[in-house]
Structures are given as structure tokens and as C-alpha cells.
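Enquirer: The structure's right below; bear with me while I get my questions together.
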């Protein structure tokens, strides 16, 4: 177990360095969500005055969860792209030939993606506090948001890793970028569910990322709600299971085809 953990740690650190060294991987995680947060906060701040909008200190406070959700999903997509690049370059084949368990290769990539999720959570909380947004539930609420964002980044990274293993093509994984945004915008990450119209509202009601977004947002704008937290954790667990199953099947396929 200790040896496997060292392998996961080494591959996770390599994944983090790889992301920070490639602007095309880092920009979607930090730059795009930050710019979108600035544009939405500056251009749609009056939305808090709409009837039915949840009570918040300001639109920035409400949008912090959406920015974190966008960042973590793009982190999962960027992790899949980097994994596919490793496959194309033959680095993954060398790992397959090494005397290490195959699952540590995927877990190392997921550890790196989780670290990027942690970074994005801290980044946007810092931006929010810097520009006057309050964390209603204090330190406990901030920690809950950080944990949920980190765990969700790892969960989404599992799906990205599965697609990378199955396709072996960075362009295929990169082509999922629009789909990632569609899935996120069809959730309550950027707008209250009660103010959405059909059919977007019906989709958002069953979108697991809506439950996660509410779990992240709730301790920022209100008191900690155990029900929202439970739904968020169950949604993350479901995505983790899906990612692990898809990754395991894709890994077997990759080992067969080379």
C-alpha cells in the first residue's frame, strides 16, 4: 500500500506540473472562469432583485459556486487531455510496462485533478473575499465548499480519464469542451432553479451537478443545510462510481489494443 501511494503521489505531482507548464491546460481552469465571473457579476448584478431570487449579499456571492463548478469541470477535461497526450507520446505505454499496479496510473491522474480542484476552490474563495463577498457559514462553510469542489474535480476527472484511455486521442477529449459547458449551464450553477424556464428547469432538477452546485453554494450564502450537503455527496459518489467503472473498462481496452 505504501509503495502504491508513493506511485500515485509521484504521478499526481507530475500531472500538476504538466498542467502548470502548459498554458492551454491551465487557462480554462483559472482564466476563463475568472473572466466569466467578472462579466456576469458586472453585467447581471441586478438579478438579485428579481422576485424569487434567494437572499444573498450580492450577485458575486451567489456566483462563486458557479465559477468553482466551471473551473473544476474544465480541470477534469484538461486532465483528460493531458492523459491523452501521454498516451499519444507513448509515456503511458512505459507505465504499463513498469512493475506497478495499473490502477495507480489512473489514480495518479485523478490525484492531480483533485489538487487542481483544490486550487480552484481556494482561488475563487480568495477572489470573493477580496472583492467583498462574505462566507455566511464562516470557516466551516468555506471548508465544506473546498472539500466538495475537490471531490467533484476528482470525480469528473475519472470520466475524462476514461475517455482518454478509450480514445487515446487528445483532440477527441478536447472536443468535449462544449459538452462540458452545456451540462453545466443546464444546471443551477449560474442561476436559481426556481427562476429557470422549461425545458431547462426540468433538466436542471435532475442534473447531478445542480445538487453539487447547491451543496457548494448553500454554506456560502446561508447556513449549512444537511439535506443539501447529503444530496451533493450522493451526486459526487454517483459520478465517482461512473468514472471508476468507465476507467476500468477503458483501461482493459487500452491494455488489449496497446
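The values are calculated or read from the model by the stated rules, or taken from the named source; none is laboratory data. Keep in mind it's a predicted model, so treat the numbers as computed, not measured. Because the Cβ atoms are built from the backbone with ideal geometry, glycine has one as well, and the counts that use them run over all protein chains shown.
Enquirer: Among the listed residues 47, 2, identify the single one that is more than 18 Å from the chain's Cα centre (by Cα), within 23 Å of residue 223 (Cβ to Cβ) and at pLDDT below 80.
Expert: 47
Enquirer: Then there's this: Take residue 84 and tell me if it is surrounded by 22 or more Cβ atoms within 10 Å (Cβ to Cβ) and not in a helix (DSSP H, G or I). Reasoning before the result, please.
Expert: Details: surrounded by 22 or more Cβ atoms within 10 Å (Cβ to Cβ): yes; not in a helix (DSSP H, G or I): no.
No.
Enquirer: Residue under question is residue 100, and the condition is that it be buried (at least 22 other Cβ atoms within 10 Å of the Cβ), closer than 25 Å to residue 244 by Cβ and more than 15 Å from the chain's Cα centre (by Cα); does it hold?
Expert: Working: buried (at least 22 other Cβ atoms within 10 Å of the Cβ): no; closer than 25 Å to residue 244 by Cβ: yes; more than 15 Å from the chain's Cα centre (by Cα): yes.
No; evaluated as a whole, the condition is false for this residue.
Enquirer: Would region 150-161 turn up any residue that is closer than 29 Å to residue 52 by Cβ and touching a residue at least 12 places away in the same chain (Cβ under 8 Å)?
Expert: Yes; the residues of region 150-161 include at least one that is closer than 29 Å to residue 52 by Cβ and touching a residue at least 12 places away in the same chain (Cβ under 8 Å).
Enquirer: Another question about this same structure. Looking at (1) at pLDDT 85 or above; (2) surrounded by 15 or more Cβ atoms within 10 Å (Cβ to Cβ); (3) within 30 Å of residue 83 (Cβ to Cβ), which one does residue 218 not meet, given that it meets all the others?
Expert: Just one mismatch for residue 218, condition (3).
Enquirer: Being part of a helix (DSSP H, G or I), crowded, with 21+ Cβ neighbours inside 10 Å, over 15 Å from the mean Cα position of the chain (by Cα) and at pLDDT 85 or above narrows it down to one residue among 232, 164, 202, 213; which is it?
Expert: Step by step, each of 232, 164, 202, 213 is checked, and only 164 is part of a helix (DSSP H, G or I), crowded, with 21+ Cβ neighbours inside 10 Å, over 15 Å from the mean Cα position of the chain (by Cα) and at pLDDT 85 or above.
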